Amino acid sequence: MTQDIRVAAIGECMVELQERPDGGITQSFGGDTFNTAAYMARLGAGLGSFVDYVSAIGDDPFSDDMAAFWRAQGVGDRLVLRRPGRRPGLYFIKTDAAGERRFYYWRGEAAVREAFETDGSEAILAALAGYSNVYLSGISLAVLRPQSRARLIARLGELARDGVAIDFDCNYRPLLWENAATTRAVYEEVIAVASRVMVTVEELEVLGIAPASEAGAAHFTALPRLEVVIKDGARPCTLIHGGRVETVPAIAVDKVVDTTAAGDSFSAAYLIGRSLGLAPAEAARRAHVVAGAVVQHRGAIIPKDATPDVFASEIARRR
């Protein structure tokens, strides 16, 4: 009998403003963990409603539209707190001719900052026990005030001891942290209870590891309980699991339009693949296919018909 897959993705979704080539602006919604949740829901559509978002938003029209957008993407909002008088954060994306983007953020009043220290948060934390996987990122942790962050990390430890898989994507954003020492201490707390960790070559440095795949592999092979994916953009990713090291080449793309959500979509596909029972290398191969499609479109969430259906056969066998 196959285990039911239920994912709770913790983090912040924001109002997204994206500059178009014609100088206009397109408004949508995005954020690293939401992007991953949306691609999980899309790639695993045949599994039913299995992805819920965990966050806090306000009671303003943007928050209403945001929650409706989540639901339209197949992501549930039953674990989202609504905070009167608060608003979601906002970010603006400027993209250069090579598809690389720069982000500008406004998130000081974001409702999510106290997500786990307000009325209703205890029930949300308790409800996480009903999921097979809890997914979060370094940004999920960085945007929280210290009290909320400490309560969440303590709960992650309890969930891990009870058999819930904790999937952590480092997603390091220096401007969100007071200093690198705090970041490293927080990351190490989460990695200590995690089942899977995703980290870029550049992010290894915040963990005190030289920014090279070989150095990361040498470090993580000493932690055989942990499964690690070291992402390296268009270069091969490195997988460390059970004391083994593998590399999986990326998919060549003719023209990169926008790298927004490339890593988020890769993480979504990799984690769904592993939850469906694929070996790490095969899950990574399919994740590269998805990320390769995403970078050929503008915006975090690309059209559904442009998203490769890479798990159709595995999902069909579960029905």
> Inside the stretch 135-227, counting only helices (runs of 4 or more DSSP H) that do not spill past its ends, which hold 2 or more residues that are surrounded by fewer than 15 Cβ atoms within 10 Å (Cβ to Cβ) and not basic (Lys, Arg)?
Replying inline: 146-161, 180-191, 213-220
> Of these, Ala98, Ala56, which one is in contact (Cβ under 8 Å) with a residue 40 or more places away in the chain and assigned to a loop (DSSP other than H, G, I, E, B)?
Replying inline: Ala98
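Do you know which of the residues in the stretch 105-126 that are in contact with a strand residue (DSSP E or B) (Cβ under 6 Å, 6 or more places away or on another chain), of a type in the set (A, V, I, L, M) and not in a loop (DSSP other than H, G, I, E, B) is farthest from Arg151 (Cα to Cα)? Even if it seems obvious, please write down each step before you answer.
Just the residues of the stretch 105-126 that are in contact with a strand residue (DSSP E or B) (Cβ under 6 Å, 6 or more places away or on another chain), to begin with: 105-106, 109, 111-112, 115, 120, 124.
After this cut, where a residue has to be of a type in the set (A, V, I, L, M) as well, the list is 111-112, 115, 124.
Those left that are additionally not in a loop (DSSP other than H, G, I, E, B): 111-112, 124.
Numbers: Ala111: 17, Val112: 14, Ile124: 12 Å.
Per the criteria, the residue is Ala111.
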>> Just to be sure before I move on: is Ala41 assigned to a helix (DSSP H, G or I), closer than 19 Å to Lys304 by Cβ and modelled with pLDDT of 95 or more in the structure I sent?
In response: yes
> What single numbered condition from (1) assigned to a loop (DSSP other than H, G, I, E, B); (2) under 20 Å from the mean Cα position of the chain (by Cα) fails to hold for Gly263?
Replying inline: (1)
>> On the basis of being among the aromatic types (Phe, Trp, Tyr), touching a Phe, Trp or Tyr at 6+ places or on another chain (Cβ under 6 Å), free of Cβ contacts under 8 Å to residues at least 40 places away in the same chain and under 18 Å from Ala261 (Cα atoms), does Phe103 make the cut?
In response: yes
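So that you can scan it fast, the table gives a plain yes or no per residue for (1) touching a Ser or Thr at 6+ places or on another chain (Cβ under 8 Å); (2) modelled with pLDDT of 95 or more:
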site	(1), (2)
Gln18	yes, no
Pro21	no, no
Ile25	no, no
Ser28	no, no
Asn35	yes, yes
Ala67	no, yes
Gly74	yes, yes
Gly89	no, no
Arg101	yes, no
> Could you say whether any residue in the stretch 132-144 is over 17 Å from the mean Cα position of the chain (by Cα) and under 24 Å from Glu227 (Cα atoms)?
Replying inline: no
> Which one of these does Ala222 not meet: (1) within 19 Å of the chain's Cα centre (by Cα); (2) without any contact (Cβ under 8 Å) to a residue 24 or more places away in the chain; (3) more than 25 Å from Ile139 (Cβ to Cβ)?
Replying inline: (1)
> Restricting attention to the stretch 271-316, which residues are modelled with pLDDT under 95 and among the hydroxyl-bearing types (Ser, Thr, Tyr)?
Replying inline: Ser313
>> Among the listed residues Ala291, Ala234, Ala252, identify the single one that is out of contact with any Leu (no Cβ under 9 Å at 6 or more places or on another chain), within 27 Å of Arg20 (Cα to Cα), among the hydrophobic types (A, V, I, L, M, F, W, C) and assigned to a helix (DSSP H, G or I).
In response: Ala291
>> Here is a list: Arg78, Arg102, Arg86. Which entry is of a type in the set (Lys, Arg), farther than 26 Å from Asp305 by Cβ and surrounded by 19 or more Cβ atoms within 10 Å (Cβ to Cβ)?
In response: Arg86
> Looking at Arg86, Arg78, which is the one that is more than 20 Å from the chain's Cα centre (by Cα) and either basic (Lys, Arg) or under 16 Å from Met14 (Cβ atoms) (or both)?
Replying inline: Arg86
> Do you know which residues across the stretch 301-318 are surrounded by 12 or more Cβ atoms within 10 Å (Cβ to Cβ), of a type outside the set (A, V, I, L, M, F, W, C) and part of a loop (DSSP other than H, G, I, E, B)?
Replying inline: Thr307, Pro308, Asp309
> So Ser121 fits all but one of (1) surrounded by fewer than 16 Cβ atoms within 10 Å (Cβ to Cβ); (2) small (Gly, Ala, Ser); (3) over 23 Å from Ile191 (Cβ atoms); what number is the exception?
Replying inline: (1)
> Any chance the stretch 19-36 includes a residue that's surrounded by fewer than 24 Cβ atoms within 10 Å (Cβ to Cβ), assigned to a helix (DSSP H, G or I) and of a type in the set (Lys, Arg)?
Replying inline: no
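The values are calculated or read from the model by the stated rules, or taken from the named source; none is laboratory data. No experiment lies behind these values; they were computed from the predicted model shown. All Cβ positions, even for glycine, are placed from backbone atoms using ideal geometry, and neighbour counts span all protein chains on display.
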